[in-house]
Amino acid sequence: LAHLTSSIQVLFLYSVLYRDDTAVQSKLAEGLISAGDNVTVMAPASFHRWSQLPFPNQTHFIPFERLAKVQEELLTESPNEQFYDVMEYAVKSCETFYQEPLITKFLELKHLEYDVVFVSSTYNECALTLLSALEANYVILSATNRLPIYVKYALGIPNQPSFSPDHWSLNDKLKFTARLRALFNYRKHINFIHFWYYRSIDSVVRGFIPSHSTMLATIQEASSVMVDRNVAVDTPH
């Protein structure tokens with residue numbers, strides 16, 4: 001896009017911050033700014049404390065004050081950031097995200113004044129639902145070695161336990177017991193995601209956007225998906 005027009009309006013939108021993603025996306029922002037584009041970041045006010053690499057000085061930063069306060073309280077309750085705790089944290093953050101004055105304004109206007117929006121794939125499903133409702137041109141960025149299930153869904157990647165290590169293993173030697181362990185962990189993860197996490201996100205969003213269908217349906221409307229690494233194809237076996 002940066003080569004098709006002299007200058008575009010770019011937004012990086014976060015409902016939840018994740019260190020791996022912000023490190024990669026700050027470099028992407030640098031490239032866009034050097035190409036003459038205008039870059040805005042909307043994120044919880046604690047954004048710069050969370051980022052491994054801060055966004056360039058030329059970035060226009062719009063903080064979500066309420067969201068930052070609620071998330072800091074949630075982190076105090078669950079300081080270890082365990083896998084399921086983080087998902088509950090994302091669900092509880094979603095309602096506050098939609099109560100932010102700027103997000104409320106976007107819903108009233110039914111429009112985003114940005115040419116393209118980049119959104120992190122990690123625990124930012126709430127932000128995805130907003131972009132889908134506003135029919136924005138959005139790109140999903142996945143910068144971690146664990147692809148979220150809905151990103152796999154978008155890319156057409158099959159279930160992987162039989163030919164790649166499970167998410168929490170660094171061992172590439174897939175013996176029979178390793179395959180069984182990977183399958184068990186994968187199914188446990190899938191069941192929790194589909195039967196609690198996604199449904200919880202959908203329930204919160206419908207309170208603000210009654211026409212919302214499902215979180216998974218929003219992935220089909222993404223303009224593109226950018227993946228930094230895919231464990232299903234780059235793990236040697």
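The values are calculated or read from the model by the stated rules, or taken from the named source; none is laboratory data. The structure displayed is predicted, hence computed values, not measured ones. Heads up, the Cβs are rebuilt from the backbone with ideal geometry, glycines too, and the neighbour counts pull from every protein chain shown. What goes into the accessible areas is simple: the full protein's heavy atoms, side chains included, and nothing from ligands, DNA or RNA. Shrake-Rupley method; radii C 1.70, N 1.55, O 1.52, S 1.80 Å.
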Largest-first ordering by accessible area, 1.4 Å probe, given options His60, His194: His60, His194
Heavy atoms of Tyr89 accessible to a 1.4 Å probe, total area in Å² rounded to 10: 30 Å²
Point-to-point label distance, Glu73-Thr104, nm (Cα→Cβ direction, 7 Å offset): 1.7 nm
